Amino acid sequence: MTNLSLIHDSLTDGRYGKMGGQVPTHIAIVMDGNGRWATQRGMPRIMGHQKGVDAVRRTVEACIDLGIRYLTLYAFSTENWRRPLEEVNGLMFLLKRTLKTELKTFEENNVCLKVIGRRDRLAPDVVASIEQVEHQTASNTALTLQIAFDYGGRDEIVRAVRQIASRVKSGDLAIDEIDETLFAQCLDTAGVPDPELFIRVSSVLRISNFLTWQTTYSELVFPETYWPDFTKDDLLSAIHHFQKCERRFGRAAS
Ligand code: FPP
């Protein structure tokens, strides 16, 4: 039996899943390498993103199987507007189409969908499809799937600062009341625990403005796999790495 199947068995037979917090509650993933995957095959970059949607589906299914409660996927950053218009439009189309085609699966699997990031720069039809799926899945509880779209960690922090400043200005909030808990409540991820496990695929060792505040104490894993090839075994392998980490939060080693 391989290591992976051992991990898989232990995760699925209940020795970890619901016990002792061994499986991360929240996993965040930078879905990188779509362009390289397509270019290597002589395909247009958008084909890599399209294949990436299949990997999203596999990963969501795997998280449901493993009892992961929150999954956050980086699909479009505040910097991705700098890409060719054709690619930007292609990513907008894929988001809309995926929300439409997956709604039934979200409902059947008790998945709550949230989109984090800015809405003011998205086309009205994209915003409408986001709002419809968020509304229809709002009471689902098995897995919360957060798609980060027109999302940047710094942008999110600046928006939170503006919100806090305006509350202070209006007299609704005292400066002394501002602490980490209040700040976190002003972020797009309000109410969602910080990710314990951060995965960026495709051998790129950067955070790239993803969940800047929330990943302070995340365990970071950088598998080589390009996102379109990402499988449940890759996820299990990252979880295995997480399980071996000693999480100290500033305390001395035990
Ligand atoms: C980064 O790879 C990937 C993106 C900017 C987009 C990710 C989008 C998807 C997986 C599809 C849409 C997702 C949903 C949820 C609808 P890259 O293009 O930077 O790859 P490269 O580094 O190889 O060029």
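Being in contact (Cβ under 8 Å) with a residue 60 or more places away in the chain and not in a strand (DSSP E or B) is the filter here; which residues of the stretch 131-153 pass it?
Of the stretch 131-153, the ones in contact (Cβ under 8 Å) with a residue 60 or more places away in the chain are 142-153.
Scanning the stretch 131-153 gives Ala142, Gly152, Gly153.
Identify, please: which residue in the stretch 163-186 is free of Cβ contacts under 8 Å to residues at least 12 places away in the same chain and touching a helix residue (DSSP H, G or I) at 6+ places or on another chain (Cβ under 8 Å) and is, among those, most open to solvent (accessible area, probe 1.4 Å)?
Initial filter on the stretch 163-186 (free of Cβ contacts under 8 Å to residues at least 12 places away in the same chain): 165-177, 179-181, 185.
Still in the running and touching a helix residue (DSSP H, G or I) at 6+ places or on another chain (Cβ under 8 Å): 168, 173-175.
Values: Val168: 45, Leu173: 12, Ala174: 48, Ile175: 120 Å².
Across the stretch 163-186, the extreme among qualifying residues is Ile175.
Among the residues of the stretch 80-106, which ones are among the aliphatic types (A, V, I, L, M) and open to solvent by less than 90 Å² (accessible area, probe 1.4 Å)? Steps first, answer last, please.
So the first thing to find is which residues in the stretch 80-106 are among the aliphatic types (A, V, I, L, M), and the list is 85, 88, 91-92, 94-95, 99, 103.
Across the stretch 80-106, the qualifying residues are Val88, Leu91, Met92, Leu94, Leu95, Leu99, Leu103.
Any idea which residue in the stretch 188-208 is surrounded by the most Cβ atoms within 10 Å (Cβ to Cβ), counting only those that are of a type in the set (Val, Ile, Thr) and more than 16 Å from the ligand (Cβ to nearest atom)? Walk me through how you get there before you give the answer.
Quick first cut of the stretch 188-208, residues of a type in the set (Val, Ile, Thr) only: 189, 192, 199, 201, 204, 207.
Next, only the ones that are more than 16 Å from the ligand (Cβ to nearest atom) stay: 189, 192.
On the way: Thr189: 23, Val192: 19.
Ranking the qualifying residues of the stretch 188-208, first place goes to Thr189.
Can you pull out every residue in the stretch 24-79 that is over 22 Å from Val111 (Cα atoms), within 11 Å of the ligand (Cβ to nearest atom), open to solvent by 20 Å² or more (accessible area, probe 1.4 Å) and in contact (Cβ under 8 Å) with a residue 60 or more places away in the chain?
Asp32, Arg36, Glu79
Considering Leu211, Leu236, which residue is closer than 17 Å to Gly117 by Cα, open to solvent by less than 10 Å² (accessible area, probe 1.4 Å) and touching a helix residue (DSSP H, G or I) at 6+ places or on another chain (Cβ under 7 Å)?
Numbers: Leu236 fails: closer than 17 Å to Gly117 by Cα.
Checking each option against the conditions leaves just Leu211.
I'd like to know if the stretch 5-14 contains one or more residues that are among the charged types (D, E, K, R) and modelled with pLDDT under 95. So that I can check it myself, show each step before the final result.
Step one: list which residues in the stretch 5-14 are among the charged types (D, E, K, R), which gives 9, 13.
After this cut, where a residue has to be modelled with pLDDT under 95 as well, the list is 9, 13.
Yes, some residue in the stretch 5-14 is among the charged types (D, E, K, R) and modelled with pLDDT under 95.
Would you check if there is a residue in the stretch 127-136 being touching a helix residue (DSSP H, G or I) at 6+ places or on another chain (Cβ under 7 Å), farther than 21 Å from Val192 by Cβ and at pLDDT 95 or above?
Checked against the condition, which is being touching a helix residue (DSSP H, G or I) at 6+ places or on another chain (Cβ under 7 Å), farther than 21 Å from Val192 by Cβ and at pLDDT 95 or above, the stretch 127-136 yields at least one hit.
The values are calculated or read from the model by the stated rules, or taken from the named source; none is laboratory data. Quick caveat, the model's predicted, so the values are computed rather than measured. Neighbour counts are summed over all protein chains in view; Cβ atoms, including those assigned to glycine, are modelled from backbone coordinates with ideal geometry. Note: accessible area is taken over every heavy atom of the protein model, side chains too, but ligands, DNA and RNA are not part of it. Shrake-Rupley method; radii C 1.70, N 1.55, O 1.52, S 1.80 Å.
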